[in-house]
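What follows is a single structure, written as structure tokens, with notes after it.
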Amino acid sequence: MNNSAANTGRVLWAGLRALLVLTLVCGVLYPLAVTGIAQVAFPGKANGSEVKDASGTVVGSELIGQTYLTGDKPDLRWFQPRPSNGLGTNSVNTRYDLILSGATNRSGDNADLIQWVKDAKAAVVKDNSVDGHTVKPSDVPADAVTSSASGLDPHISPAYAKLQVHRVAELNKLDVPTVEKLVAAHTDDRVLGFIGEPRVNVLLLNLALREAVAKG
């Protein structure tokens, strides 16, 4: 009986020591080491890829999309991101809610999804057609009317950015070539030249647009 109790005690003590050591190594030392290396090697990314405006104010993250609104509607002076339905309703949308991150998970033949896309396409055509420049439904790229898997994508395709150029130029009293140059300057190529697709970060583009408007 005594031997059994002693053996049990030794096993429990060994388990406790293992728990304490692993907690120290995996729960304290390793996270501190990784955090320290990240802060030294990649401080910007380690701190959320924050984006600051000309005044040094943090205005967002390169990794998370955001809305550009006037009231509860898109502020059409700015380049608009792709829809962000998250787990809520779809429209030409405006909601980049971290709590609602996710896709709709509806199939391509779902009646609701089809109607949402039709409504979004009609709104994109209407919003981006200005005097002397009419957008056709066939001009609207997929990312203008569908959300990403997360619903928080900060990028749009170069095609969607170019589709918005005339509207943005007109509402900001800029000439079209100036806005086209902004889009070209903020178009990132495929990673390593072959991974993914070319993309435009909407936040960075809109910050450059703000500066262009301020300069007149």
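Give the number of residues within the stretch 52-65 that are free of Cβ contacts under 8 Å to residues at least 60 places away in the same chain and assigned to a strand (DSSP E or B).
2
Looking only at residues that are in a loop (DSSP other than H, G, I, E, B) and over 23 Å from the mean Cα position of the chain (by Cα) in the stretch 123-143, which one is surrounded by the most Cβ atoms within 10 Å (Cβ to Cβ)?
Going through the qualifying residues, I end up with Val135.
Would you say Pro83 is within 30 Å of Asp119 (Cβ to Cβ) and either surrounded by 11 or more Cβ atoms within 10 Å (Cβ to Cβ) or not assigned by TED's automatic domain parsing to the domain that holds Ala208 (or both)?
yes
Any chance the stretch 175-188 includes a residue that's in a strand (DSSP E or B) and surrounded by fewer than 18 Cβ atoms within 10 Å (Cβ to Cβ)?
Taking every residue of the stretch 175-188 in turn, at least one turns out to be in a strand (DSSP E or B) and surrounded by fewer than 18 Cβ atoms within 10 Å (Cβ to Cβ).
Tell me whether the stretch 70-84 contains one or more residues that are out of contact with any helix residue (DSSP H, G or I) (no Cβ under 7 Å at 6 or more places or on another chain), at pLDDT below 80, under 22 Å from Thr146 (Cβ atoms) and not small (Gly, Ala, Ser).
yes
With the condition kept exactly as written, say whether any residue in the stretch 127-147 is at pLDDT below 90, assigned by TED's automatic domain parsing to the domain that holds Ala169 and more than 21 Å from Arg77 (Cβ to Cβ).
yes
Within the stretch 46-63, is there a residue that is within 30 Å of Ser101 (Cβ to Cβ), surrounded by fewer than 10 Cβ atoms within 10 Å (Cβ to Cβ) and β-branched (Val, Ile, Thr)?
Looking for residues that are within 30 Å of Ser101 (Cβ to Cβ), surrounded by fewer than 10 Cβ atoms within 10 Å (Cβ to Cβ) and β-branched (Val, Ile, Thr), one finds at least one in the stretch 46-63, hence yes.
When you scan the stretch 182-194, do you find a residue that is farther than 24 Å from Ser129 by Cβ, at pLDDT below 95 and in contact with a Leu (Cβ under 8 Å, 6 or more places away or on another chain), even just one?
The answer is no; no qualifying residue exists.
Of the residues Ala120, Ala161, Ala169, only one is buried (at least 19 other Cβ atoms within 10 Å of the Cβ), in contact with an Asp or Glu (Cβ under 7 Å, 6 or more places away or on another chain) and not in a loop (DSSP other than H, G, I, E, B); which?
Only one candidate qualifies: Ala169.
Looking at the stretch 185-202, can you tell me whether even one residue there is among the aromatic types (Phe, Trp, Tyr) and over 21 Å from Val124 (Cβ atoms)?
yes
Of Val25, Val40, which residue is outside the structural domain of Asn201 (by TED's automatic domain parsing), loosely packed, with under 10 Cβ neighbours inside 10 Å and without any contact (Cβ under 8 Å) to a residue 60 or more places away in the chain?
Sole residue among the options that is outside the structural domain of Asn201 (by TED's automatic domain parsing), loosely packed, with under 10 Cβ neighbours inside 10 Å and without any contact (Cβ under 8 Å) to a residue 60 or more places away in the chain: Val40.
Which residues, counting only those in the stretch 162-216, are in contact (Cβ under 8 Å) with a residue 24 or more places away in the chain and of a type in the set (Gly, Ala, Ser)?
Those that are in contact (Cβ under 8 Å) with a residue 24 or more places away in the chain and of a type in the set (Gly, Ala, Ser): Ala208, Ala212.
The values are calculated or read from the model by the stated rules, or taken from the named source; none is laboratory data. Since we're looking at a predicted model, the values are computed, not measured. FYI the Cβ positions are ideal-geometry reconstructions off the backbone, even for glycines, and counts take in every protein chain you see.
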